[in-house]
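Engineer: One structure is given below, represented as structure tokens, and several questions about it will come after.
Rule-based calculations on the coordinates, nothing more; no lab input. Just so we're clear, the structure is a prediction, and the values are computed from it rather than from any experiment. Heads up, the Cβs are rebuilt from the backbone with ideal geometry, glycines too, and the neighbour counts pull from every protein chain shown.
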Amino acid sequence: MPTHNSNPSEKNSSVPSNLPKTKDWSKVYIGLGGNIGDVVAAMVEALGSLATNKQIRVVGRSSLYATPPWGDLDQDEFINACALLETTLEASELLIALKVQEKSLKRERTRRWGPRTIDLDILIFEKVEILTPTLEIPHPRITERGFVLMPLNDLNSKIILKDKSISYWLSKTDVTGIRKLEDQSGWISG
Ligand code: A4P
Ligand code: MG
């Protein structure tokens, strides 16, 4: 009987040892938000398109939340959620993939923290820490934003940031006005 082994990195005398090692899948939490148009449809489309990339899997979604605007108060309420991805891309490559989605969903950059059809942020990428002019990981404002902490807490309340858990940061954050959307149907099945 021939031996079948789907993982070339496992020991198997029939596989040459000089094959390149299969790249590991990194766990990544992303934030999704928007306040123009059908935001839930845009989020479903963004995740669906990302999942067509062979190097990205969408493995978890938080609930959807309606959230008061943060930072720039002169705009409509947002809808926010988080998703857990697995990817073999580097963080900078994933950022490009997210920006492609934002662009195809007609995201226009008006003013910082201003209204948008969709915003896709890399929140946490394994234990990676990056600080460049175009990419900061972990995302710099997670621990002070209820609209990020509430959905992130759905996915994993035990993640540690700045030596404390997500559930700790959530307990210290003002979440006034944030509420779970009653209708989650299009999102869960999307
Ligand atoms: N960038 C750096 N690090 C990252 C990262 N980890 N993930 C750079 C994604 N992008 C990252 O972003 C500006 C630049 O950030 C990008 O070009 C990228 O290279 P942007 O999306 O063009 O602009 P922005 O989103 O207006 O600015 P910023 O500072 O990213 O804002 P945030 O932090 O995304 O906040 N209120 C509610 N309720 N819900 C929201 O979703 N969102 C914002 C935007 C403000 N208020 C909100 C919400
Ligand atoms: Mg952003």
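Engineer: Six or more apart or on different chains, Cβ atoms under 7 Å: show the pairs whose first residue is in segment 122-143 and without any contact (Cβ under 8 Å) to a residue 40 or more places away in the chain and hydroxyl-bearing (Ser, Thr, Tyr) and whose second is in a strand (DSSP E or B) and away from ligand 2 (no atom under 13 Å from the Cβ).
Structural biologist: These pairs meet every condition: THR143/LEU161.
Engineer: If you go through segment 120-136 one residue at a time, how many are surrounded by fewer than 18 Cβ atoms within 10 Å (Cβ to Cβ) and either within 8 Å of ligand 1 (Cβ to nearest atom) or at negative phi (or both)?
Structural biologist: 10
Engineer: Specify which of the listed residues (SER92, SER63, SER49) is surrounded by fewer than 19 Cβ atoms within 10 Å (Cβ to Cβ), part of a loop (DSSP other than H, G, I, E, B) and among the polar types (S, T, N, Q).
Structural biologist: Every option except SER63 fails the conditions.
Rundown of residues vs (1) assigned to a loop (DSSP other than H, G, I, E, B); (2) within 15 Å of PRO69 (Cα to Cα), yes/no style:
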| residue | (1), (2) |
| --- | --- |
| GLY114 | yes, yes |
| THR117 | yes, yes |
| LEU120 | no, no |
| PRO140 | yes, no |
| VAL148 | no, yes |
| PRO151 | no, no |
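Engineer: Okay, moving on. Of these, THR173, THR117, THR88, which one is touching a residue at least 24 places away in the same chain (Cβ under 8 Å), over 26 Å from ASP38 (Cβ atoms), in contact with a Lys or Arg (Cβ under 6 Å, 6 or more places away or on another chain) and of a type outside the set (A, V, I, L, M)?
Structural biologist: After applying the criteria, what remains is THR88.
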